[in-house]
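What follows is one structure encoded as structure tokens, with my remarks underneath.
The values are calculated or read from the model by the stated rules, or taken from the named source; none is laboratory data. The structure displayed is predicted, hence computed values, not measured ones. FYI the Cβ positions are ideal-geometry reconstructions off the backbone, even for glycines, and counts take in every protein chain you see. For the accessible areas, the whole protein counts, side chains as well, though only heavy atoms, and no ligand, DNA or RNA atoms are used. Shrake-Rupley method; radii C 1.70, N 1.55, O 1.52, S 1.80 Å.
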Amino acid sequence: MRPLTLLSAFLAGVVLSVGCSAKPPARIEAYLGPEVERMQATQGDLRALGDAQLQAGLLLINDTSYAESAPALSERGLAFLSDAVRRRIEDKTPIRIAKVLPSAALTPESAQQTVTSLGRAQEVSYVLVVIFSSMESEIPLMLPLGGDPEQGGGRPRVSGFETNNYALAELALLETGSGKVVARTDGRAWSRLNRLYVPVTSNAYPVIHRSLRVAPIYPREEDAKDILRSIAGDEALEQAVYKWELSWSKPA
């Protein structure tokens, strides 16, 4: 089996495992309107677009307007995801990020009228809208003091918490002149944070486990939840961009 086929099978399994929960719900219609569902290009259209590099302005939105949304990312978390978008998009698609467009004041109510005008004001032919959203759940539980079994942990067990973040990355490429959505994609992922009940400490905590990686991450306690949300968002982005990579790939 070829490497790309193996990766396709792996990510398909991940989509099934995280997609069945549908957390959080899609938010792109709230920002771009219901027409976004109908205004999609075919694979042939995408391959035609892929013959030339597309200069785009990046409009990154961390949506927290949904009633059950996780808290907003920090400035550091947003910077991490902005860098991840540029790196993954430019590595795997014909899109090149020419400028980053301001999105701080953008709301679902104002976005439909604002997105294309931002693109025109910044003189870019396309606007790449990237919406990150997530939901979280947290429960108290007893954790092995030395970490999970795969970390070599076991008894004794001590009080702690488990936080699960379910992330969604939605991407849409718009023509600035017409406002038409010429390409869309999305991806889902999750990350799990285990931390101990203060004042108990262990060098095995806090620890983050990810949906697409085996190796855990050990963040600082004060940054743990922000890193949890950032990592889940990046892995959701990875899935979304992978779908575009397949769509833009030309037949062998």
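Below are the figures for this structure:
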| quantity | calculated |
| --- | --- |
| Candidates S137, S117, filtered to the one that is among the hydroxyl-bearing types (S, T, Y), open to solvent by 40 Å² or more (accessible area, probe 1.4 Å) and either closer than 25 Å to G187 by Cβ or assigned to a strand (DSSP E or B) (or both) | S137 |
| Qualifying residue in the stretch 184-196 (condition: in a loop (DSSP other than H, G, I, E, B) and open to solvent by less than 20 Å² (accessible area, probe 1.4 Å)) | no |
| E235 vs. criteria out of contact with any helix residue (DSSP H, G or I) (no Cβ under 6 Å at 6 or more places or on another chain), surrounded by fewer than 17 Cβ atoms within 10 Å (Cβ to Cβ) and in a helix (DSSP H, G or I) | no |
| Residue that is modelled with the highest pLDDT, among those in the stretch 48-89 that are small (G, A, S), over 17 Å from R229 (Cβ atoms) and exposed (fewer than 15 other Cβ atoms within 10 Å of the Cβ) | A67 |
| Flag if E175 is under 29 Å from L212 (Cα atoms), acidic (D, E) and within 24 Å of the chain's Cα centre (by Cα) | no |
| Scope the stretch 197-210; condition open to solvent by less than 20 Å² (accessible area, probe 1.4 Å), touching a strand residue (DSSP E or B) at 6+ places or on another chain (Cβ under 6 Å) and not β-branched (V, I, T); matching residues | P206, H209 |
| Lone qualifier among P140, P102 - being more than 20 Å from L81 (Cα to Cα) and not aromatic (F, W, Y) | P140 |
| Whichever residue in the stretch 94-105 is small (G, A, S) and closer than 27 Å to W248 by Cβ and, among such residues, is most open to solvent (accessible area, probe 1.4 Å) | A98 |
| When residues of the stretch 140-156 are limited to those that are touching a Phe, Trp or Tyr at 6+ places or on another chain (Cβ under 9 Å) and at pLDDT 90 or above, the one surrounded by the most Cβ atoms within 10 Å (Cβ to Cβ) | L143 |
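Quick grid of which residues meet (1) open to solvent by 20 Å² or more (accessible area, probe 1.4 Å); (2) in contact (Cβ under 8 Å) with a residue 40 or more places away in the chain; (3) aromatic (F, W, Y):
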residue: T107; (1), (2), (3): yes, yes, no
residue: I131; (1), (2), (3): no, yes, no
residue: Y166; (1), (2), (3): yes, yes, yes
residue: L171; (1), (2), (3): no, yes, no
